[in-house]
Amino acid sequence: MKAIKSHTDLQHSKQLAEILPLESADCFWDYDDLQKCHRITWFEDGYDKDSQLRLNKNNVCAWSLVALLNYLRGINFFPNIEADEDSVTMSIDYFEDEDAMLLTPMHNITTKAETFIDACYELILKLNELKIL
């Protein structure tokens with residue numbers, strides 16, 4: 001792994017904000033009007049996310065790896081994670097129909113990226129594309 005990321009980057013955050021519930025975010029890209037740039041800010045416990053995000057239209061929700069994995073756990077997806085020096089691989093096995101789990105074939109989604117955050121981001125995008133989020 002070449003880089004360690006503690007949260008989704010701005011571009012990934014914008015894409016995930018269209019897919020995931022905003023309440024699942026644990027931080028946000030706070031737009032600084034003076035410096036005309038974004039900086040990451042962590043939500044505090046009990047913080048009103050909606051009002052903070054509405055203060056500045058340029059603010060964008062962001063997710064740590066813990067928040068992304070908690071979201072997946074909340075919808076009963078538990079990724080298998082493998083990592084070596086160069087990459088992270090995440091995969092999920094799922095059934096097409098939960099009611100007929102024993103009769104329906106199992107499917108697998110796998111992603112590979114340089115960081116844990118990026119692999120999880122890609123996994124969520126694939127789940128969304130398949131409309132199983």
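No lab work stands behind these numbers, since they all come straight from the coordinates. Small disclaimer: the values here were computed from a predicted structure and weren't measured. We place every Cβ from the backbone using ideal geometry, glycine too, and count neighbours over all the protein chains shown.
Residues Asp84, Asp9, Asp118, arranged from fewest to most other Cβ atoms within 10 angstrom of their Cβ, appear as Asp84, Asp9, Asp118. This ranking places Lys57, Lys112 by how few other beta-carbon atoms lie within 10 Å of each, fewest first, which gives Lys57, Lys112.
Using the structure shown, list the pairs from Lys57/Lys112; Lys5/Lys36; Lys14/Lys36 with a Cα-Cα distance above 21 Å, or answer none. Present the calculation step by step, with values, prior to reporting the outcome.
Values: Lys57/Lys112 33 Å; Lys5/Lys36 23 Å; Lys14/Lys36 17 Å.
Violating the 21 Å limit, Cα to Cα: Lys57/Lys112; Lys5/Lys36.
Note on Thr8, Thr89, Thr115: ascending count of other Cβ atoms within 10 Å places them as Thr89, Thr115, Thr8, the fewest first.
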